[in-house]
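Structure first, commentary second.
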Amino acid sequence: MRIVVVGASGTVGQAVVDLLRSRGHEVVTVGRSSGDVRADISTADGLTHLWEQVGEVDAVACAAGEVPFAPVTDLTSADYSSAWEKKALAQINLVRTGLDHVAPTGSFTLISGIVSRDPIRTGAAASAVNGAIEAFVRAAAVEIAPRRINAVSPSVLTESLDVFDAFFPGFPPVDAADVARGFVKAIEGAGTGRTIELP
Ligand SMILES: NC(=O)c1ccc[n+]([C@@H]2O[C@H](COP(=O)([O-])OP(=O)(O)OC[C@H]3O[C@@H](n4cnc5c(N)ncnc54)[C@H](OP(=O)(O)O)[C@@H]3O)[C@@H](O)[C@H]2O)c1
């Protein structure tokens, strides 16, 4: 398949790219500051540029997104807006603008995160937008068939424990390589409207 991976230089994204290439797929990498195509998916111009450069694909995979973490008593309206625009709305608009560029039986795979179902301190904005992404995936799947759409929802990454370990007490971490297997399941498998939880 020809697959575009947004966030390809990140911890998750690099593992996704490596696994997809090892399985024989052609991968087009996207990021704001690196990749085959430089595009910011949180802006309309960025999405226009992305699709002009990428063209037609069989699958879209997104491993991008930024969310502020702070105590719920400190999170501002601007923080919630930022989380929405840079993680949830960016991915929703990636799907919305990508529908005409994905094969009729192609797929979208978005990224959410464990805190939608298992909250942590300082994670209210992340919980809110991850839940929104998963709800969007369930809803969009109903209408875009036979194209498919799923979300991958990782626990804290093993590779990120140096920064996040204290925020995820007792959570089982997941290796980026295993998160990448979730993307492969979504892309090569048959499911739609699902959130693939890892672990
Ligand atoms: N790390 C964890 O433990 C963990 C756990 C659960 C869920 N997640 C979620 O998984 C996703 C990836 O996490 P990560 O740790 O792999 O992040 P990361 O290492 O910071 O990588 C993020 C990647 O996305 C790109 N990117 C960010 N915003 C973008 C935008 N608006 N348009 C295009 N590219 C963009 C970045 O490159 P440029 O800066 O060049 O654009 C980078 O390649 C995030 O949504 C995060 O919330 C992470």
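The values are calculated or read from the model by the stated rules, or taken from the named source; none is laboratory data. Just so it is clear, the structure is predicted and the values come from calculations on it, not from any experiment. Cβ atoms come from the backbone with ideal geometry, glycine included; neighbour counts cover every protein chain shown. Heavy atoms of the whole protein, side chains included, go into the accessibility calculation; ligands, DNA and RNA do not. Shrake-Rupley method; radii C 1.70, N 1.55, O 1.52, S 1.80 Å.
A few remarks follow.
- For the chain, the longest principal axis of the Cα atoms and the long axis of helix 176-188 meet at an angle of about 40 degrees.
- Between Ser34, Ser82, Ser116, the Gaussian network model of the chain with springs among Cα atoms under 10 angstrom shows the greatest mean-square fluctuation at Ser34.
- Residues whose placed amide H lies under 5 Å from that of Thr122, excluding near-sequence neighbours: Val72
- Percent breakdown of C-alpha pair distances by 5 Å bin, ordered from the shortest bin, for the chain: 1, 8, 17, 21, 22, 16, 9, 4, 1, 0
- The string of couplings for segment 144-159 from the Karplus curve (6.51, -1.76, 1.60, θ = phi - 60°) is 9, 4, x, 5, 10, 8, 9, 10, 10, 10, x, 6, 4, 6, 3, 5 Hz, one whole number per residue in order, with x for Gly and Pro.
- Solvent-accessible area, 1.4 Å probe, carbon plus sulfur percent, for segment 2-198: 51 percent
- Per-residue ellipticity at 222 nm, computed for the chain from helices alone with -39500 (n - 2.57) per DSSP H run of at least four residues, works out to -11500 deg cm²/dmol.
- Per-residue SASA entry for Trp51, accessible area with 1.4 Å probe, Å² rounded to 10: 10 Å²
- Near the amide H of Ser42, within less than 5 Å, lie no amide hydrogens of residues on another chain or at least 5 residues away, with H placed in the peptide plane.
- Computed FRET value (nearest 0.05) for Asp100 with Ser22, which takes r as the C-beta separation and R₀ as 30 Å: 0.50
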